[in-house]
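Worksheet: one structure, shown below.
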Amino acid sequence: MKEKSFFSGMVWKHFRKNKPALISLYVLLSFLFVALLAPILANDKPLYISYQGQVFFPAFSFSKTILFDNKETGKKETLVISQVDWKKLKPDHELWPLIPFYPGKSDPLHADYSPPSPVNHFLGTAKNGADVLSGLIHGTRISLSIGILSMLIASIIGIVLGCFAGYFGDHHLLVTRGSYWMMILGIFPAYFYGFYVRSSELSEILREPGIGTLFQFKLSFIIFTGIIILFYYAGKGLNRFPFFAEKKTVHADSIVSRIIEVFVSIPRLILIISIAAIAKPSFFNLVLIIGFTSWTEIARFIRAELLRTRNAGYIESSHAMGFSDLRIILKHALPNAIAPATVAIVFGIASAILVESGLSFLGIGVPQDVVTWGSLLFAGKENFEAWWLVVFPGLAIFLTVTSFNLLGDGLRDAMDVKGRG
Amino acid sequence: MRKYMLRRLLLFIPTFMVITLISFILLVNAPGDPVERMMTASQSSGDNTQSVVQQEQRAYWTHRLGLDLPVFYFSIHSLAEPDTLYRIPNKAERNTLSQFIREYGNEKEILRFYAAESALEKKVDGLACLAADDTVTVCDHFNSDRVAMRMEWSKLKSTTNPESIRLIIQNTKTFFLKYDFLGKEISVVENLENNFEDILRHPQTWKNYIPCISFHANNQYHRWLFGDGQSNGLLRGDFGISYLTKQPVEEMIRGKIGWSLFFTLVSVFFAYLLSIPLGIKAAAKKDSRFDRISSMILFMLYSLPVFWVATLLLMTFSNTDAFHIFPASGIKPVTGYPVDAGLIDKIKLSLPYLILPTICYTYSSLAFLSRTMRVSMLEILSQDFIRTARAKGLPEHSVLWKHALRNSLLPVITVFANVFPYMIGGSVILESIFTIPGMGSQIYNSIDAQDFPMIVAVFTLTGMLTMLGYLVSDVLYAWADPRISFSENTSAA
């Protein structure tokens, strides 16, 4: 533990000297801040309103309705928050967000591309009068969460496959013939019970993507792996026969390398576009698609690092102490490989954000009614006089992507202990 | 060397197979019924004869598209689901049937029910109006009722809800009892009803949990890949028929691939032409002002989203309100080339259209390439043989361009493989912004029209091109550095 904090302290010490990287870290932190506070910074509902002696917090309300005691009629009313025209009320006190507009909501007063003005729409409006700044603020949320969530998926896949390939290499994974063949045989029932039997539940993913269906997918995956593990142990039962008990090398590294090679050969953007054309456009689908296609770099880093440390003293001594493979990977091998993989993850977030904004620029990917940086830019393409629709969203994408790239670059330099000499 | 190339070529095959498999999975899972898409032009419902024509057409297209075959070499299914399900030509019908089986599991009863249903329809279709007296009005009623009932029966093929099925059967009964000449045939309806009740009475859901595997030598994937009497198959360049134009896809692509390749190759050329001297200069004067500034600029170029730059360029240089220097879209004058224009005239006319797209294609790979060049040059410059060259008193120019360049080129050559797919992917965005009639804009238009054979064809082709890029760069690498053995190369992949 002590050693780890020493390493991170050293990385930080070197990272701090890198001015561009440090600045981009602060830029990203402020973007993250904006993303988290988006509904408070830009909303068409007041943060606080006092009306007829009653106090409401519409922007913070989690329920869709509020109970309202109407003094004029003397009746209790339930108000649907999204349907009340808060701007027309004459309240006693009110406090509005910094930008009192919701992204995509039209403002008839300033329709038809009104230019930026310091009075109402700070960065101008789109064709239907929707506020650009508000769209940018909420777009931060979408871009950052797609970038981070998809790389989370990619990291999981990349780390698992990278560990498998790097730790076992081509010669160190030995299983008995029985287990080997039983596992291959197990793929069929595993697929059957994991995916075929549950196909009606799973097809919901395409129709109505969301957390619930993601859970269904996970469940299928767990069933799949469970059955394969079951077959593995069943294969151990075959060890009584000498033929099946004979050890067989599994070329873990070659298998994973081939998979990586195939994935790298596929034009990623076109694959994503093709899948996005077939699946229903949604936030979750986009995260899944980007995540499943961008793990290769992470897997390569982890694999290379583990192959390098495979013969290091501390790994050999853990072998000698009889620790299980899983424990050695998780406690000794992986922590050292995570650092270089972080760099790949940071670069990956940048490219995921680029892919997302490129897709929404084409009108594919996230649903049409969701305002993103890319969709704002797309709206700007229709009318070049509305330069604010082109310049500001593009600047936001550029700033975020550059910051992530600079951050990744800074991290790489800071972690490169060798190069420091 | 020859052995290496041979093995590299052999590796090409499984990767290619995986790409075709992914394409095929995309194609099979695409929403909508392809047969329906092909038939839309000639669809009009109602009359008896028309529906016969329609059925014939459906059968024709199903066979022509190869959809009357099983999907893959093998299929994993449950004991309940018959492996001949694919023979049902209508996709919606097929889905209802398989859902029915999932719910009750007694496939024999379910199939019998569907058979009874089609027997009933055939019976009613075959019947002429046999009313004895005041024929005209009764027969009119009968015909209009029959049309209404046909609608009801078609609902039978899209629902598995027992209540609504019972209701339809009840309606059928009343319809049969309404007319004397139909009343005699009531046994057909009773048969249907009994069959349906049988399904409900003896569900065998356990059958859904018993896995089965069946093999099919002749299947859709095989046909799609290798073709049969009707199609040549993907391997011989037959990508199927476009849903949109009903023309062969490869004919539509043939005219488009040229422009995509043109832009990619031209910009790769420019990127290399510019990045090599840039990288060398930056590396030769490491940490100088030139190095720092150029690195910073290149880094920013690398992060600039290409669609933003393209839009900004269009906004600035082909906007009638700003500088109207370049045309906004297309690759040749709207009126086309003059009839007597030679090649040089054509190039002259097209040039203004090509400049902005080429800049966009080039700049991001330029940034990437010069960064790689700089790093590789720095590494070479720190090596002993360069020190020796300098110690010999060779001029710096000669050290850089003669000794160092050749050795530092290697990584830059291999990066070709990274640049190439990047450009192909970027082409979707760039081609649709600049309305270049290439493969990228084709895939964009096809997505709008949900023309899946086209999408899949473009995907497969770009995948193949990307793989070719890797192949070329690997071979170049091996050719430039004979020390590289096959195993080393794959570990770098």
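The values are calculated or read from the model by the stated rules, or taken from the named source; none is laboratory data. Just so you know, these numbers come straight off a predicted model, no measurement behind them. Every residue, glycine among them, receives a Cβ derived from its backbone with ideal geometry; neighbour counts consider all protein chains shown. These accessible areas exclude ligands, DNA and RNA; they are computed on the full protein's heavy atoms, side chains included. Shrake-Rupley method; radii C 1.70, N 1.55, O 1.52, S 1.80 Å.
Against the conditions (1) in contact with a Ser or Thr (Cβ under 7 Å, 6 or more places away or on another chain); (2) open to solvent by 80 Å² or more (accessible area, probe 1.4 Å); (3) of a type outside the set (A, V, I, L, M, F, W, C), where does B:R102 fall short? Just the number, please.
Unmet condition: (2).
Quick one: in the stretch A:346-370, of everything that is open to solvent by 30 Å² or more (accessible area, probe 1.4 Å) and among the aliphatic types (A, V, I, L, M), which residue is farthest from the other protein chains (Cβ to nearest Cβ)? Don't jump to the end; show me each part of the working.
Applying the first criterion (open to solvent by 30 Å² or more (accessible area, probe 1.4 Å)) to the stretch A:346-370 yields A:347, A:351, A:354, A:363, A:367-370.
Now restrict to residues that are among the aliphatic types (A, V, I, L, M): A:354, A:370.
Numbers: A:L354: 6, A:V370: 18 Å.
Going through the qualifying residues, I end up with A:V370.
Assess whether A:L330 counts as being of a type in the set (A, V, I, L, M, F, W, C) and surrounded by fewer than 22 Cβ atoms within 10 Å (Cβ to Cβ).
Here the answer is yes, as A:L330 does meet what is asked.
Name the residue, out of B:D321, B:D340, B:D291, that is within 14 Å of chain A (Cβ to nearest Cβ) and more than 30 Å from the chain's Cα centre (by Cα).
On inspection, the qualifying residue turns out to be B:D321.
Somewhere in the stretch B:398-411, is a residue touching a helix residue (DSSP H, G or I) at 6+ places or on another chain (Cβ under 7 Å), under 30 Å from B:G463 (Cβ atoms) and open to solvent by less than 70 Å² (accessible area, probe 1.4 Å)? Steps first, answer last, please.
Filtering the stretch B:398-411 for residues touching a helix residue (DSSP H, G or I) at 6+ places or on another chain (Cβ under 7 Å) gives B:399-400, B:403-405, B:407-408, B:410-411.
Retained after the next criterion (residues that are under 30 Å from B:G463 (Cβ atoms)): B:410-411.
Checking the rest, the ones that are also open to solvent by less than 70 Å² (accessible area, probe 1.4 Å) come to B:410-411.
Checked the stretch B:398-411: at least one residue is touching a helix residue (DSSP H, G or I) at 6+ places or on another chain (Cβ under 7 Å), under 30 Å from B:G463 (Cβ atoms) and open to solvent by less than 70 Å² (accessible area, probe 1.4 Å).
Could you count how many residues in the stretch B:200-231 are within 14 Å of chain A (Cβ to nearest Cβ) and closer than 25 Å to B:A457 by Cα?
0
Filter the stretch B:143-152 down to the residues that are touching a residue at least 24 places away in the same chain (Cβ under 8 Å) and either over 17 Å from B:L177 (Cβ atoms) or exposed (fewer than 15 other Cβ atoms within 10 Å of the Cβ) (or both) and list them by number.
B:V147, B:R150
Could you list, in sequence order, all residues of the stretch A:380-395 that are surrounded by fewer than 22 Cβ atoms within 10 Å (Cβ to Cβ) and over 15 Å from A:T140 (Cα atoms)?
A:K381, A:E382, A:N383, A:F384, A:E385, A:W387, A:V391
What residue, among those in the stretch B:55-95 that are more than 27 Å from the chain's Cα centre (by Cα) and open to solvent by less than 50 Å² (accessible area, probe 1.4 Å), is farthest from the other protein chains (Cβ to nearest Cβ)?
B:P82
Would you mind stating whether A:I184 is at negative phi and within 14 Å of chain B (Cβ to nearest Cβ)? First the steps, then the outcome.
On the way: at negative phi: yes; within 14 Å of chain B (Cβ to nearest Cβ): yes.
In short, yes.
Can you tell me which of B:S260, B:S242 is closer than 13 Å to B:S427 by Cα, among the hydroxyl-bearing types (S, T, Y) and open to solvent by less than 30 Å² (accessible area, probe 1.4 Å)?
Among B:S260, B:S242, only B:S260 is closer than 13 Å to B:S427 by Cα, among the hydroxyl-bearing types (S, T, Y) and open to solvent by less than 30 Å² (accessible area, probe 1.4 Å).
Could you list, in sequence order, the residues of the stretch B:13-31 that are open to solvent by less than 60 Å² (accessible area, probe 1.4 Å), polar (S, T, N, Q) and either within 14 Å of the chain's Cα centre (by Cα) or more than 9 Å from chain A (Cβ to nearest Cβ) (or both)?
Within the stretch B:13-31, B:T20, B:S23 meet the criteria.
Quick check: is even one residue across the stretch B:113-130 assigned by TED's automatic domain parsing to the domain that holds B:N191, surrounded by 19 or more Cβ atoms within 10 Å (Cβ to Cβ) and of a type in the set (D, E, K, R)?
The answer is yes, given that some residue of the stretch B:113-130 is assigned by TED's automatic domain parsing to the domain that holds B:N191, surrounded by 19 or more Cβ atoms within 10 Å (Cβ to Cβ) and of a type in the set (D, E, K, R).
Among the candidates B:G240, B:G227, single out the residue that is touching a Phe, Trp or Tyr at 6+ places or on another chain (Cβ under 8 Å) and at positive phi.
Working: B:G227 fails: touching a Phe, Trp or Tyr at 6+ places or on another chain (Cβ under 8 Å).
So the residue among B:G240, B:G227 that is touching a Phe, Trp or Tyr at 6+ places or on another chain (Cβ under 8 Å) and at positive phi is B:G240.
What do you reckon, is B:E185 open to solvent by 70 Å² or more (accessible area, probe 1.4 Å), over 41 Å from the mean Cα position of the chain (by Cα) and not assigned by TED's automatic domain parsing to the domain that holds B:L351?
no
Taking A:I148, is it in the same structural domain as A:F384 (by TED's automatic domain parsing), over 30 Å from A:E382 (Cα atoms) and not in a loop (DSSP other than H, G, I, E, B)?
Yes: the conditions hold for A:I148.
Within the stretch A:136-144, can one find any residue that is open to solvent by 40 Å² or more (accessible area, probe 1.4 Å) and either under 19 Å from A:L41 (Cβ atoms) or part of a helix (DSSP H, G or I) (or both)?
Within the stretch A:136-144, one or more residues are open to solvent by 40 Å² or more (accessible area, probe 1.4 Å) and either under 19 Å from A:L41 (Cβ atoms) or part of a helix (DSSP H, G or I) (or both).
Can you list the helices (runs of 4 or more DSSP H) found entirely within the stretch B:268-382 that contain at least 2 residues being within 15 Å of B:L430 (Cβ to Cβ)?
In the stretch B:268-382, B:306-317, B:343-381 are the helices (runs of 4 or more DSSP H) which contain 2 or more residues that are within 15 Å of B:L430 (Cβ to Cβ).
Answer with yes or no whether A:I315 is outside the structural domain of A:L214 (by TED's automatic domain parsing), of a type in the set (V, I, T), more than 28 Å from the chain's Cα centre (by Cα) and surrounded by 12 or more Cβ atoms within 10 Å (Cβ to Cβ).
Yes; evaluated as a whole, the condition is true for this residue.
For the list (1) closer than 30 Å to A:D413 by Cα; (2) open to solvent by less than 40 Å² (accessible area, probe 1.4 Å); (3) in contact with a Ser or Thr (Cβ under 9 Å, 6 or more places away or on another chain), I need the number of the one condition that A:S274 fails.
(1)
Looking only at the stretch B:298-318, count how many residues are among the polar types (S, T, N, Q) and at the interface with chain A (Cβ under 7 Å from one of its Cβ atoms).
Number satisfying all stated conditions: 2.
Being over 18 Å from the mean Cα position of the chain (by Cα) and farther than 17 Å from A:L152 by Cα, is that true of even one residue in the stretch A:336-351?
Within the stretch A:336-351, one or more residues are over 18 Å from the mean Cα position of the chain (by Cα) and farther than 17 Å from A:L152 by Cα.
Just give me the residues in the stretch B:380-405 being of a type in the set (D, E, K, R) and under 15 Å from B:K281 (Cα atoms), in sequence order. Show your work before the answer.
At the first step, the residues of the stretch B:380-405 found to be of a type in the set (D, E, K, R) are B:384, B:387, B:390, B:392, B:396, B:402.
Once the filter is applied, which keeps residues that are of a type in the set (D, E, K, R) and under 15 Å from B:K281 (Cα atoms), the stretch B:380-405 yields B:E396, B:K402.
From the set of residues in the stretch B:435-451 that are open to solvent by 20 Å² or more (accessible area, probe 1.4 Å) and not in a helix (DSSP H, G or I), which is nearest to the other protein chains (Cβ to nearest Cβ)?
So, considering only residues that are open to solvent by 20 Å² or more (accessible area, probe 1.4 Å) and not in a helix (DSSP H, G or I), the one nearest to the other protein chains (Cβ to nearest Cβ) is B:Q450.
Within the stretch B:199-214, track down each residue that is out of contact with any strand residue (DSSP E or B) (no Cβ under 8 Å at 6 or more places or on another chain), open to solvent by 40 Å² or more (accessible area, probe 1.4 Å), in a helix (DSSP H, G or I) and not basic (K, R).
Hits for the stretch B:199-214 are B:L200, B:T205, B:W206.
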